[in-house]
Amino acid sequence: MNQKYSYQCSDCSKQIPAGEIIYLCPDCSAKQLPNQPPLGVLKVIYDYKALSELSFRELEENNFLQLLPVNDQKNFPNLRVGKTPLYKIDSIDGQVNDFEFYLKDDSQNPTFSFKDRASAVVSAFAKENGIDTIVAASTGNAGSSLAGICAAQGQKAVIFIPSTAPKAKLTQIMMYGATLIPVAGNYDKAFDLSIEATKRFGWYNRNTAYNPFTIEGKKTVSFELFSQLKEHIPDYIFVPVGDGVIISGVYKGFEDLLEIGIIKKMPVIIAVQAAGSCNLVENIGKEEFVSTPSDTIADSISVDIPRNFHMAAGYITKYHGQTITVSDDDILRASSILAKNTGIFTEPAAAAAFAGFLDYKSRYLIPKSSSNVVLLTGSGLKDLNAVQPLFEIPLPVSPDMHSVEDFLKTVKFGI
Ligand SMILES: *Cc1c(COP(=O)(O)O)cnc(C)c1O
């Protein structure tokens, strides 16, 4: 197996050489207490000193393979994963931005969520190492993503998912031909079952904050941002947070660049959580982790015990990140503003990041000439129910022009 990387425990900092498939630090995970965030999540590290010979462009030309646990590009799916657009937005609701504002639209991934970045790397690693069945527990997007990526790769996917997940996500999993195991219980139950199944059947596990390669996939967004901003880092990045894996991925990407010496400082990353599910940001810096039951329309960031709490909190603290919570009303309003102003319709979890940006903008002066990015992580078509409170689809008009004219008197044009 590949030796260009090794693992480092995000809790005890012990280094573990690459070799056998490993998920958590054996020492730290043995100390796991019930109802507490997982211990022993591993970080993948590279020989940064050797890599500092290379320019960013050289790394990019090689699809960043030097910084991924995969050796051969041909083991990646034949789908366009990542390489998503970065849109510059000049004004919102008629107000011209006096700073640079960008949307990174990761709903444009093959299965319409950011999760494809992680699935692609896990799947490519599996392919390179002769593994044909991958299992995951998911609240929806990780499962639909793994199902789609495995379909593209000729691999088998087994997905444990709460039966209450949005129908579009369950439908995707079925359509991609994966084995769907709906669980009459929450995500934590699905997670535990998937781990048991991994041990029982010898499958490879993609669970987030368990398989260390998911973060390696997620970090690619930072490389892309750096490239799309012409080798500059953004000043602020707003990231929606549930388990804290995406935000750790964003940090890890920039941290890799920092370690290599390509960048000199980190961007300020703003962790946005739903007010009804803010167990990650609320527990940062606390002596003891206390979980409050989640209640938010943003199902992808509805999390009782954030699986990647320790690593995400560590990054936010170390690199002076900031945190914001937004209400479900803020999320719905942001979702509508975003769609009407930009033509991008996202699911509530992604709209939460934009809501966080709007809130930040209303409270602080965003420095002129600063560049600001909101990470849009999933498509609105994945959860149509969530936005139903925003509007009613009009009743049909009779098929004659007179009725159309009458109808038009009742509608307001524009935004
Ligand atoms: C998974 C997901 C998130 C949150 O990611 P975490 O790693 O759980 O913090 C945000 N938005 C969407 C659309 C997601 O699918």
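Readers should treat all values here as calculations from the given coordinates under stated rules, not as data from a laboratory. All values reported here derive from a predicted model rather than from experimental measurement. Cβ coordinates were reconstructed from backbone atoms using ideal geometry, including for glycine residues, and neighbour counts include every protein chain displayed.
Relative to the longest principal axis of the Cα atoms of the chain, the long axis of helix 187-201 lies at roughly 40 degrees.
Each eigenvalue of the Cα gyration tensor of region 223-290, multiplied by 5 and square-rooted, gives one semi-axis; in descending order these are 27, 13, 9 Å.
Calculated on the alpha-carbon coordinates, the convex hull of region 274-402 measures out at 148 cubic angstrom per residue.
Radius of gyration over Kirkwood radius for region 115-164, both on Cα atoms: the Rg/Rh ratio is 0.96.
Seen against the Cα atoms of the chain and their longest principal axis, helix 328-342 is set at about 80 degrees. Ranked by the mean number of other Cβ atoms within 10 Å of their residues, highest first, the peptides 297-309, 315-327, 261-273 come out as 297-309, 261-273, 315-327. Contact order, relative form, for region 118-235: 29 percent (alpha carbon pairs under 8 Å, 6 or more residues apart, mean separation divided by residue count).
Binning all Cα-Cα separations of region 1-135 at 10 Å, short to long from zero, yields these whole-percent fractions: 10, 27, 33, 20, 9, 1.
How high is the relative contact order of region 1-50, in percent, counting Cα pairs under 8 Å that sit 6 or more residues apart?
43 percent
Listed here are the pairs K88/K361; K219/K265; K14/K127; K169/K252; which of them are more than 19 Å apart at the Cα? In this structure, K14/K127; K169/K252 exceed 19 Å between Cα atoms. Sequence-distant contacts, meaning Cα pairs under 8 Å at least 6 residues apart, place the relative contact order of the chain at 16 percent. Each 5 Å bin from zero holds the following percent of Cα-Cα pairs in region 86-205: 2, 12, 19, 20, 16, 9, 6, 6, 5, 3, 1, 0. With semi-axes defined as the square roots of five times the eigenvalues of the C-alpha gyration tensor, the equivalent ellipsoid of region 150-282 measures 32, 18, 14 Å, largest first.
Treating the Cα atoms of region 14-73 as identical point scatterers in vacuum, please give the log10 of the normalised Debye intensity I(q)/I(0) at q = 0.18, 0.21, 0.26 Å⁻¹, two decimals. So the normalised log intensities work out to -0.77, -0.88, -1.10. Taking all C-alpha pairs of region 210-336, those more than 21 Å from each other amount to 40 percent. For the chain, the longest principal axis of the Cα atoms and the long axis of helix 116-128 meet at an angle of about 30 degrees. For region 345-415, the share of alpha carbon pairs falling in successive 10 Å distance bins from zero is 15, 28, 26, 20, 9, 2 percent. Once the mean of 1/r is taken over each pair of separate Cα atoms and inverted, the chain shows a Kirkwood hydrodynamic radius of 21.9 Å. Considering helices alone, the calculated mean residue ellipticity of the chain at 222 nm is -10500 deg cm²/dmol, with DSSP H runs of length four and up weighted by -39500 (n - 2.57) and normalised per residue.
In this rough spin-label picture, where each label sits 7 Å from Cα along the Cβ direction, the A30-S291 distance is 2.4 nm.
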